Amino acid sequence: MLQRLKGGRIYDPQNGVDGDVRDLYIRDGKIVSAPVHSRQADVVTDISGRVVMAGAIDIHTHIGGGKVNIARMMLPEDHAADAVPRGRHPHIGCGHAAPSTRTAGYRYAEMGYVACFEPAMLPANARQAHLEMADTPMVDKGAYALLGNDDFLLRAIKAKRDPEYIRDYVAWTLNAAQALAIKVVNPGGINAFKFNQRKLDLDERNAAYDITPRQILLTLAEAVRQLGLAHPLHIHGCNLGVPGNLATTLETIHGLDGLRAHLTHLQFHSYGTEGDFKFSSGAAEIAEVINRNGNISLDVGQVMFGRTVTESGDSMRQFAGSIHADPKKWIGMDIECDAGCGVVPFRYKNKSFVNALQWAIGLELFLLIEDPWRIFLTTDHPNGAPFTCYPHLIRLLMDRSFRNDMLATINPDAAAASRLASITREYSLYEIATMTRAAPARSLGLDGFGSLAAGSNAHITVYQEHDNKETMFSTPEYVFKNGQLIVRNGRVTEEVQGATHVVHPQFDAGVDNDLRLYFDRFMTVRKDSIQVSDDEIRDNGRGEIVVHPTTPTC
Amino acid sequence: MPPVDTRQRHGPHTDSAVCPFCALLCDDLILRSNDDSSFTIRRNGCSRAALDFSRPATDEPPRVQGQATSHDDAIRVATRILKKSRRPLFGGLATDVDGMRAIINLAERSHGIVDHLHGDALTSMTRLMQTRGWYATTLSEVRNRADLVIVADVDFNDRYENFERHCLKPQTRLQGGRAPARKVVFVGTGANSPGVEVDMRLGCSRDGLGEVFSALLAGLRGHRMDARRPGGVKPAAIAELVEAIQAANYCTIVFAPGQLGSHRESIIATFCDLVDAINQQQRAALLALGGDDGGQSALSTTSWLTGYPLRTEFGKTLAFEPQINRTADLLATRTVDCLLWTDAYGRNPTPPSTGVETIVIGARPSASRRPPAVFIPVGTPGLDHGGRLVRTDSVVTLQLVAQRESRLASVAQIATQILDSW
């Protein structure tokens, strides 16, 4: 069947199309070239005047795995305040900051998203993360495997094992956990916290292993480079949330010395110590360095005001932050010689100097970093805010007048301490399409995503243009996934299952043998037991696995 | 007939089996098949596993009102009962992740309530999580990191026998970090741990646990203790353990919520307080042993699929009522009109005595004199068919593979068949 979407305004940055009025044709789940005669289409949908983009992609959202499920269990109050009644979606659900898997999938689709990536999957917890993602309908998904605090790697670095050995271990991890990329969280710090170190700066030594975060970062970034993964090392750096961490972040960028890297939720790592409160924005300095260093990409982790829950692998920093828990409860965990986690409910208040400045710092980063191909729209769901805030965030970026209205409502000291009022930039639709579609697809190596060219997957979101961009991006008129209409006027019309995106780089069998012995000697499960197989992802036809190519550099 | 669930071997082939019979999920059992479809454990088992693996697969037919019938008829009658029910209870829930996924769908369709047979213990933990939280750890961390393990009256006769082999007294521990000598302290009724070698023992009754741990907390904070013998323990012994805690790099408190009786919530809160206090200056964490009979899997799966833990009702919206939606109370007050009892492990084949219509999906027939309205035989995950189970620490989830040829369906298949014939 040939389907024609007629007369939409196309924003397709991967192909340089900026608002041109064109027809799109869909056949067998793909976008195809226009036929010789337009009348050949079997179904024609008139979308004249509508804004058309590829389906959106969230490059960093905590949607599945142990800490996400802890947040669900510990926050019934979050759910009761945001119930999804029977009949609203194909399945009942709930949850504002920590929604059920199904509710998360439906809501993402209803905002025009077609793929979401869980950024912190512990290899020890990978099977559960995949089970949760399998129960997240509508969207494609994938996950980044967490390394950098696991005793196996730290032992290997301490023992000065050669880079090939580390590379093989990283490759084994990607295969075993069925991951798409590698993430590092507070390199060495989570491990150090198990030995009672309370902070670990870039060049401070993890006392147990006598190695530094810098060594871990460079080791992993180099392994990822050698394996030729599309997505560079995904870095949650040292000192998250600590005033003055701006210096650590800048030093991290310099230390990478041109190696590609993705700095995640950078807002939480862009703090200075100026002013009466010894807390200030470092966004301008960070932005200046990012603008000069083309090897760095980032997502922001924008803060929005209201209740949420912070879920992080960074047990060291979450322990420190737990005094701010609101309500007063939190869970911390040391996990399987692999990593850790901390789940701390939190309320960002617009009258709080710190919270208000965090909000402003995030927006400053968005507006001062020039290249939308290297900056991605996230709230680090749910750490800065639930993903459902994205339409509001887009309005803040596209509408200076609205932004300034909001600025006038926050803590006045924070507003005065921010340069936000002086920034005139407004994002264009083309730039929004870049940062939410084209760029994340390219960064993750997702061929066929983030593009409306012939041959691409027919993941298409159609919006009714509106002056209020929050309204516009909240309720797309049509969302197509693989050519199938799944959302109409912001409501799910068809439940679909998404695929799981992974890489399977090759590795030498030697490391596999070492890991077998390591697990047998030290762990409480066997190595084979934590490996997630392709068949488990496929799950008798319920799931689909998409293995993306890698291009090893040596 | 249900589809034949033949020997599914997903993933890497292994010569060892995962034991589904307690939440430790030991994955290194070496089995020998017997002619009657039972197994003898050759290595790495425990007394509980030996008993449970020694049961042959059931050859019991499906039954309606005690009379043997066809599989299709049993499904039809079960569906009819559930359709008629205004408020069914899905109890037992001794199944795996896939079984829970299907049960949740069935509960949603039938406006039911879900609660596990270990619901009291599981709910105590979720309530503590929802009111104060804690700092926890996992099995491999305890094995390698902990230099002081305080075992709070865990009865290793009953279950978790292999905890000693895996975590308390392992032959090998990581030496990459600091791995000082391990000290194991047992607090509780010594009769419960005859097999466990300990370095120090504080004898007290189960009811005295709260007092002993409060005294440890007071000692750690430097407070004077008013009770002369907190929980019946000499102050000198308390002081000695406080010193051991202060000297430790990584202290772990191990307990089994299901074994702590009706005051478990306040006792566990004391453990949480102690760990929080230690963590101000040093490192400590809790390890709860529990969630057997698929309990941890039921809790985790329900939470991710609905947002809420167990004891949730599928009404117009989801309603999480941990105090009200308790199996025993719902049945005693007849506020449910139907019970669907699931027991895929054959350890709890007899549902609670109840006056409401009962459907049993079980690996063994009920021993009760009054047969349930419907009995549908199923296999056991990890013996008759594959499955996924969440371990006690809720971090590691294991893939189980069938160990014998079996025609028995899984809970997931039965629940899905009921849903399909709705």
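At a glance:
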quantity: Stokes-Einstein D (µm²/s) once Rh is taken as the Kirkwood radius of region B:22-133 over alpha-carbon pairs, at 20 °C in 1.002 mPa s; calculated: 122
quantity: Sum of side-chain charges, A:L200 neighbourhood, beta-carbon under 11 Å (Lys, Arg +1; Asp, Glu -1); calculated: +1
quantity: Per residue, in Å², the accessible surface of the protein assembly as shown once ligands and nucleic acids are set aside, probe 1.4 Å; calculated: 33
quantity: Contact surface A-B: accessible area buried, both sides summed, square angstrom, 1.4 angstrom probe; calculated: 6000
quantity: Farthest positive-ward along chain B dipole, Cα basis, beta-carbon charges - from B:T95, B:A319, B:N157; calculated: B:A319
quantity: C-alpha center-to-center spacing [region A:400-459, region B:47-111] in angstrom; calculated: 51
quantity: Sulfur and carbon atoms: percent of accessible area, chain B [1.4 Å]; calculated: 47
quantity: Solvent-accessible area of A:D18 with every protein chain in place, 1.4 Å probe, in Å² to the nearest 10; calculated: 90
quantity: Principal axis dimensions, largest first and in whole angstrom, of the protein assembly as shown by Cα; calculated: 76, 67, 54
quantity: Pairwise FRET efficiency - A:E494 versus B:A68, Cβ, R0 = 35 Å, nearest 0.05; calculated: 0.25
quantity: Heavy-atom accessible surface of region A:56-444: percent carbon and sulfur, 1.4 Å; calculated: 52
quantity: Interchain or long-range residues, amide H under 5 Å from B:V151's placed H; calculated: B:V185, B:F186, B:V187, B:V254
quantity: Candidates B:L330, B:L389, B:L148: whichever shows maximal mean-square fluctuation once chain B is modelled as a Gaussian network with Cα springs under 10 Å; calculated: B:L330
quantity: At 1.567 mPa s and 4 °C, Stokes diffusion of region B:335-374 via Kirkwood alpha-carbon radius, µm² per second; calculated: 128
quantity: For region A:149-191 versus region A:68-116, the gap between their alpha-carbon centres in whole angstrom; calculated: 33
quantity: For the protein assembly as shown, calculated [θ]222 nm from helices alone, where every DSSP H run of n ≥ 4 adds -39500 (n - 2.57); calculated: -9000 deg cm²/dmol
quantity: For region A:2-8, 3J(HN,Hα) per residue [Karplus equation, 6.51 cos²θ - 1.76 cosθ + 1.60, θ = phi - 60°, Hz, x = Gly/Pro]; calculated: 9, 10, 10, 9, 9, x, x
quantity: FRET E, pair A:R521, B:S47, Förster distance 35 Å, beta-carbon r, rounded to 0.05; calculated: 0.85
quantity: Accessible-area value, B:H223, 1.4 Å probe, nucleic acids and ligands omitted, Å²; calculated: 100
quantity: Bins of 10 Å, starting at 0 and running to the largest distance - Cα pair percent for region A:56-444; calculated: 5, 25, 36, 26, 7, 1
quantity: Dimensionless Rg/Rh of region A:216-299 - Kirkwood Rh, Rg from C-alpha atoms; calculated: 1.00
quantity: Near-label residues of region A:453-468 by backbone N, under 18 Å of a point 7 Å along Cα→Cβ of A:R27; calculated: A:453-459
quantity: Charge tally in the Cβ shell below 9 Å around A:Q497, where Lys, Arg are +1 and Asp, Glu are -1, A:Q497 excluded; calculated: -1
quantity: Candidates B:A107, B:A332, B:A215: whichever shows maximal mean-square fluctuation once chain B is modelled as a Gaussian network with Cα springs under 10 Å; calculated: B:A332
quantity: Electrostatic dipole magnitude of the protein assembly as shown [Cβ: Lys, Arg +1; Asp, Glu -1; Cα centre; debye, to 20]; calculated: 1320
quantity: Within region A:114-208: Cβ-based charge dipole about Cα centre, in debye rounded to nearest 20 (Lys, Arg +1; Asp, Glu -1); calculated: 360
quantity: FRET efficiency for B:D337 and A:S352, using Cβ-Cβ distance with R0 set to 45 Å, rounded to 0.05; calculated: 0.30
quantity: Listed residues A:R542, B:R283 arranged by accessible area, highest first, probe 1.4 Å; calculated: A:R542, B:R283
quantity: In degrees, nearest ten, helix B:411-420 long axis to first principal axis of chain B (Cα); calculated: 40
quantity: Accessible surface ranking that places the most exposed of A:K278, A:K349 first, with a 1.4 angstrom probe; calculated: A:K278, A:K349
quantity: Helix B:209-220 vs. chain B, principal-axis angle (Cα, 0 to 90°, nearest 10); calculated: 40
quantity: Sequence of A:E251, B:E240, A:E370 when ordered by accessible area, the most exposed leading, probe 1.4 angstrom; calculated: A:E370, B:E240, A:E251
quantity: Inter-label distance, nm, simple model (7 Å from Cα along the C-beta direction), A:H37/B:A239; calculated: 10.1
quantity: Amide hydrogen neighbours beyond the local backbone of A:V17, cut-off 5 Å, H modeled; calculated: A:D12
quantity: Other-chain or far-sequence residues with amide H under 5 Å of A:Y113's (modelled H); calculated: A:A56
quantity: Vicinal HN-Hα couplings computed from phi for region B:246-256 (Karplus, 6.51 cos²θ - 1.76 cosθ + 1.60; Hz; Gly/Pro x); calculated: 5, 8, 7, 7, 8, 9, 10, 9, 10, 8, 10
quantity: Equivalent ellipsoid dimensions for chain B as semi-axes, Å, which come from the Cα gyration tensor, largest first; calculated: 40, 25, 17
quantity: For region A:438-443, Karplus couplings with θ = phi - 60° (6.51, -1.76, 1.60), whole Hz, Gly/Pro x; calculated: 4, 5, x, 4, 5, 4
quantity: Rg ratio (alpha-carbon, reference 2.2 N^0.38 Å) - region A:3-79; calculated: 1.70
quantity: For the protein assembly as shown, with +1 on Lys and Arg beta carbons and -1 on Asp and Glu, the positive-most of A:T475, A:G498, B:F39 along the dipole; calculated: B:F39
quantity: Positive-end residue, the protein assembly as shown charge dipole about Cα centroid, Cβ charges, pick of A:L200, B:L122, B:G379; calculated: B:L122
quantity: Principal-axis tilt of helix B:97-110 within chain B, Cα atoms, nearest 10 degrees; calculated: 60
quantity: Dimensionless Rg over Rh [region A:382-477; C-alpha; Kirkwood]; calculated: 1.04
quantity: Kirkwood Rh, Cα atoms: Rg over Rh of region A:134-275; calculated: 0.98
quantity: Which listed pairs, of A:K183/A:K278; A:K328/A:K349; A:K141/A:K329; A:K158/A:K183, have C-alpha distances above 24 Å, in listed order; calculated: A:K183/A:K278; A:K141/A:K329
quantity: Equivalent ellipsoid dimensions for region B:109-249 as semi-axes, Å, which come from the Cα gyration tensor, largest first; calculated: 27, 23, 16
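The values are calculated or read from the model by the stated rules, or taken from the named source; none is laboratory data. No experiment lies behind these values; they were computed from the predicted model shown. Positions of Cβ are generated from backbone atoms using ideal geometry, with glycine treated the same way; all protein chains shown enter the neighbour counts. The accessibility values were calculated without ligands, DNA or RNA, using every heavy atom of the protein model including side chains. Shrake-Rupley method; radii C 1.70, N 1.55, O 1.52, S 1.80 Å.
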